[in-house]
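What follows is one structure encoded as structure tokens, with my remarks underneath.
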Amino acid sequence: MVLTNSMENKVMRTTWFKVVFLGCLLASLPAYAQRPAIFYVADPTALNAADQAAFDRLTALGFSVTAIDDNLSDPADATGQQLIVISSTVTSGNIGTKHTATAVPILDWEPALFDELGIQANNANGVTIAGTQIQIVDASHPLAGGLPAGVVNFFNAAGGLASADAPVAGASIVAREVGGTRPVILGVEKGAALNPVRIATAPARRVGFPLNNDSFARLTDDGLTLFDAAINWAAGPTNGPVGVAQSPTNLTVIENQSAAFSVIVTGAPPWSFQWQRSAGAGVFTNIPGAASRTFTFSPVKLTDNSASFRVQVANAFGNATSGAATLTVNRDTTAPTITDALTRGNPNGLFVVFSEQVTAITGTNKNNYTINNGVTVNGASLQADGLTVLLTTTPITSGRGYLLTVSGVQDTAVVPNTIAANSQIQFFQTDGAIERRVFFVAGGTVAAITNSAKFTNNQPDQVTYPTLFEGPVNFADNYGTQFRGYVTAQASGNYVFFICSADPSELYLSTDENPANKKLIATETAWSNTRQWIDTDPASTTDITAKRSDQFAGSQWPTPNVITLTSGNRYYVEAIHAAGVGGDNIAVTWQLPGALEPVDGDSPIPGRYLSAFGITSGPVTITTQPGSPPVQEPGSVTFTVGSSGSPPFTYQWFRDGTAIPGATGQSYSIALVRSSDDGARFKVTVANAFSSATSSEATLTVIPDRTPPRPVQILLVDGTFKVITMTYNESMDKASTETVQNYVFTPGNIVATNVTLDATLTNVTIMTGSALTPNVTNTLTLNGVKDEAGNAVVPNTSIQFVFNPVTYAANILFDGPIAYYRFEEAAAATVATNSGSTGGNGLFVSDIGGGGPAKADPGPRPPAFVGFDANNRAATFDGQGDWVNTQNPFLQDRGAFTLEYWVAPANRVSDPTTFGTRIGIVGQNDAVEYGFIDANTIQIWTPVDNLNTAYSFPDNEWHHVATIASGTSLRTYYDGVLQASTSVTTMDYGASSFNVNIGGGGVFDGSGNYFTGKIDEVAIFDKAIPAARVAAHYTAGKSGGVLVTSGAVTVPAGITLSVSRSGNNLNISWTPAGGTLQFATALNGTPIQWNNVVPAPANPATIAIGTDNTFYRVQNP
């Protein structure tokens, strides 16, 4: 097994090791236990907490795990292994395509590798989604681990969910994001079709699993069950009997606490579980409802002492029983204490939280509670958790502190413990939350966020109310955050504020409640890891002193670096944060008067001192009722509610009076509305900590789809002329759309052999047994294909297209390069021919030794590179003095450009010392310098922006490289796939007195920078060509290019009915012939109830005239 692990690109690593960790077996395992496993990590000598947890889990599942630095990854690592797992802490470029063709199962949670593995249908990276829940949509698949369909709590705190958001049709989608369509758990069976750009079929099972750099440690019990299922399904064997890898362990708990027993199993999923409890004399009885991998027993009583628990597990191939675990229950002798007291925005109430459950009789006695400053306690109610008591009071106002005194409250122990008399806690009138606004704006700088139209027009993409002054970790790429609210001073005195983020951020504090008086008091200048208040990662360039208000040189506070606040007063506070790509976080904490400064990892400012900006505190009220206009099938609809009151809010949507699982957001969407949804009623209940309100019902009106589907465009014909991709104008029915007899091509009367509808439900990939004919008009005729509403395509609908095979060079020339050096010159030639539009030819040059003239060595050639001539040549450079002088400054003063080429370094890996540093590929010194800055990194440098991209391919292996400079970013692509990017805006990337050189002669410097190896097909564009064209160029070279021209769509006239009367009979005839005559008694139903005329009549049909209205139609097919 290989477990690959991807690290955020901001972390620099210079020391590489191969380290083997040996796992310990925790219980008896089936015969196939202790299977070999490989774990690719960023640093095998210091696994992060999530990777260590994954490592331990794999060990418990019976794998002998080897950890390998991803920098040292090699296809040969898979030899003798039984699984490859790829975690997102690796640098994806270090893994690349090394295991695309590996005949070993792979489990991956690095979204940037879903493309290389052939799982993505769109030749692009997957994405990461923030959340805590997922929705199982195929509970029958083993990857569901026996869990039922529906919403699953996957993380116990927000984490990143890796998603192959555009999967190939051959993938089985087991779970999706909640409220959306993007897959989060998918499986590909061995032999299933993958993206042919990468690999035609899966050489072994592939699994996409929803984790991120640090999220494994947040998995819930159900999340761990799904992980175990993914490992066992991927690694097999497919008929492995269930086995107990780790039995439940003995537990000792205090009475009234909970006890959680769990088991780890192996074998082919899905599994079933039945927990049992000892009944004495060695007999165990089933515990009703205890049918999950984990059994939680709560509350535990003294009478449960010495009870034993075990679990029976089963799958389709066997069953097993775990060892028994003994529960020891000790008496509770500890008195309850007050852990928190907060109003949560309730003007007439206070939540009192105790350290343990308290009795109803003492907890609800209002006489056990007093509050100073004239507040009267009118009542007390015990909340469902048994820990919290809600006091109803006379008004509690902001601007002052209060003291709660509690006596007489007892816990629920057999011998009750009473809280210490006159226990006290300070509290304030606060919301318990702060407003967090998200703006999806690229740029990675605070200025990019604050100058954006969304920010200036007050149009956030998301608004939430966290109960800590902190945003989620690794939330997204290319966005900004604005926190707005009020902080209440706990005590009078001097405060120090700290801000920590990735990427830059700014912290403002007002001298009072007025935002107009806010002052900049601290800033994050670069990036830090989460909650890294006083230290920083060595790779970061942040200014540590700027992160704290007592040392920030740019402080705008009236008494710089000394912030004095008054107890109970509210002060407006604001933080603005920008995130580029890679890891992201944002948090704010403080040092209270007289307290020690925080250490890294300490909590941010808690909600008990925070209030949100721009809200009216109090009970929930509905301000905007949900509603929607009529929806055309098969469209989408979204219901949204507006509310006011004290945040945060919770939501539960209902359909026809029944709660909708997982519908817990401010909006509820139906991605695909059907006619059966017509008349459905939707409402929502909105609640805060102390109140709730229910909206009015909105009735959905659906306009049925009665229009037949039609083809829109032939998108692609592959290099074999046997794979065709077409798009329809609407979402299609899977069964009829994938019926091969419904597709016939002419000339040749070629019937499809395989048809796959992708996840969009609009694109189909059609395969044929025989090749279609190039350079002529082809016609695809469709019959029997239906849309999702059941409307069939008009019989014999057709679409025409012409496809012409084209070479890699033709694809490049189609996009208009200003310079294009194909290096097809004969041996000893000295002129490097420029096939571009500008500048004339270049020269082969040798500064030292016998190099110089063209060597006519092989370039990329078939069969590995179908789009090139069998005799394709390349330029060879000896690393000592060979280079090509283009004799032109092609990159002078460019506002945008693209550089594209094929490269095969000769000794980058085998002899990096000789290969050297600052090695030129193609560039113009002092303007656009481009090449290997070191043996493992391709760098593009300009006076205004630069980008480093890791390069990890083997020596003497051809790869396509392109860098696009758009004026707003630099982006580098390997083999058509984006590897790295920047976000810097410019109108001029630079100028110099040098020419563009290839392979040396001065690229990073005035001379030298000699390359060792081969370079071919160097193209220079004076524009930023689209990324899709870069991918098309690579595909044309790798698989052969085909230029497709999609032509006319012809829809024959529909069915024509002719009706005549003969006495008491109707004569109904129709053209074209065929089809089924149907009748309906009314046309006002949704859907209309059409029935076949029985027995089926001939054409023409004779129908007796009745007494009621009857309507007729012909359905074909």
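Computed from the coordinates by the stated procedures, all read-outs in this text should not be read as laboratory data. A quick note: this is a predicted structure, and the numbers were derived from the prediction, not measured. Cβ placement follows ideal geometry from the backbone for every residue including glycine, while neighbour counts extend to all protein chains displayed.
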| query | Reachable lysines from Lys786, Cα under 19 Å, same-chain residues fewer than 8 places away excluded? | reply | Lys734
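Only bridges with both residues in region 243-330 count here: give the DSSP antiparallel percent, nearest 5.
Details: 23 of 27 bridges.
So the antiparallel bridges amount to about 85 percent of the total.
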| message | How would region 2-235 be classified by its alpha-carbon gyration tensor: rounded, prolate or oblate, with rounded meaning a/c under 1.5 and the a/b versus b/c comparison settling the rest? | response | rounded
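What fraction, in whole percent, of alpha-carbon pairs in region 338-428 exceed 18 Å separation?
On the way: 1454 of 4095 pairs.
Distances greater than 18 Å cover 36 percent of the Cα pairs.
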| query | If we count other beta carbons within 10 Å of each Cβ, what is the order of Met987, Met767, Met726, fewest first? | reply | Met987, Met767, Met726
| task | Please order Ser278, Ser501 by the number of other Cβ within 10 Å, starting at the fewest. | result | Ser278, Ser501
| So what is the relative contact order of the chain, in percent, for Cα pairs below 8 Å that sit 6 or more residues apart? | 6 percent
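Per-residue counts of other Cβ atoms within 10 Å, averaged by peptide: what ranking do you get for 142-154, 834-846, 280-292, highest first?
On the way: 142-154: 19.5, 834-846: 17.9, 280-292: 11.7.
Per-residue mean Cβ counts within 10 Å order the peptides as 142-154, 834-846, 280-292.
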| query | Stretch Asn372-Ala46 to full length: gain in nm at 0.36 nm per residue minus the Cα-Cα span? | reply | 112.1 nm
| task | Starting from the Kirkwood radius over alpha-carbon pairs of the chain, derive D by Stokes-Einstein at 37 °C in a medium of 0.692 mPa s and give it in µm² s⁻¹. | result | 97 µm²/s
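So how much slack lies between Val1093 and Thr777, counting 0.36 nm per residue of separation and subtracting their Cα-Cα distance, in nm? Don't jump to the answer; show the numbers that get you there.
Details: separation 316, 0.36 × 316 = 113.76 nm, distance 4.18 nm.
Here the segment from Val1093 to Thr777 would lengthen by 109.6 nm.
What number, in percent, do you get for the relative contact order of region 87-239 if the mean sequence gap of Cα pairs under 8 Å and at least 6 apart is divided by its residue count?
Computed over region 87-239, the figure is 28 percent.
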| field | Dipole in debye (nearest 20) - the chain, about Cα centre, beta carbon charges: Lys, Arg +1; Asp, Glu -1 | value | 2460 debye
| said: Helix-only mean residue ellipticity at 222 nm, the chain, DSSP H runs n ≥ 4 weighted -39,500 (n - 2.57), per residue, nearest 500. What is it? | reply: -1500 deg cm²/dmol
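With 23 Å as the limit, write out which pairs from Lys98/Lys855; Lys98/Lys1038; Lys454/Lys683; Lys98/Lys190; Lys519/Lys547; Lys1014/Lys1038 have Cα-Cα distances beyond it, or answer none.
Values: Lys98/Lys855 30 Å; Lys98/Lys1038 16 Å; Lys454/Lys683 30 Å; Lys98/Lys190 18 Å; Lys519/Lys547 15 Å; Lys1014/Lys1038 17 Å.
Pairs exceeding 23 Å: Lys98/Lys855; Lys454/Lys683.
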| task | Would you mind ranking Ile68, Ile1055 by Cβ crowding within 10 Å, fewest neighbours first? | result | Ile1055, Ile68
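Among residues other than Gln312 whose Cβ falls under 14 Å from its Cβ, what is the net charge (Lys/Arg +1, Asp/Glu -1)?
Details: positive: Arg277, Arg293, Arg310; negative: none.
Every neighbour counted, the sum reads +3.
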| request: Please provide three numbers in whole Å: the alpha-carbon extents of region 668-753 along the principal axes, with the largest listed first. | output: 71, 30, 19
| query | When the Cα centres of region 333-400 and region 196-228 are compared, how far apart do they sit, in Å? | reply | 45 Å
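Kindly state, to the nearest 0.05, the FRET efficiency for Lys519 paired with Gln551, given R0 = 22 Å and r defined as their beta-carbon distance. Could the numbers behind the result be given before it?
On the way: r = 16 Å, r/R0 = 0.71.
Efficiency for this residue pair is about 0.90.
Lys and Arg at +1, Asp and Glu at -1: add these up for the other residues within a Cβ distance under 15 Å of Gly493 and post the number. Display every interim value, and only then the final one.
Values: positive: none; negative: Asp550, Glu597.
Net local charge, Gly493 excluded: -2.
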| message | Ranking request for peptides 244-251, 60-67: highest mean number of other beta-carbon atoms within 10 Å first, then the rest in descending order. | response | 60-67, 244-251
| query | Mean 1/r over all different Cα pairs, inverted: what Kirkwood radius does region 458-599 give, in Å? | reply | 15.2 Å
| note | Bounding extents of region 1056-1115 in its principal axis frame from Cα atoms, largest first in Å, are 31, 27, 21
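Less than 12 Å Cβ to Cβ from Thr559, Lys/Arg counted +1 and Asp/Glu -1: what total charge do the surrounding residues give?
On the way: positive: Lys519; negative: Asp550.
With Lys, Arg at +1 and Asp, Glu at -1, the neighbours total 0.
Rounded if a/c is under 1.5, else prolate if a/b beats b/c, else oblate: with a ≥ b ≥ c from the C-alpha gyration tensor eigenvalues square-rooted, which is region 38-146? Mind showing how you got there, number by number?
Values: a/c = 1.41, a/b = 1.17, b/c = 1.21.
Rounded is the answer for region 38-146, as its axis ratio a/c remains below 1.5.
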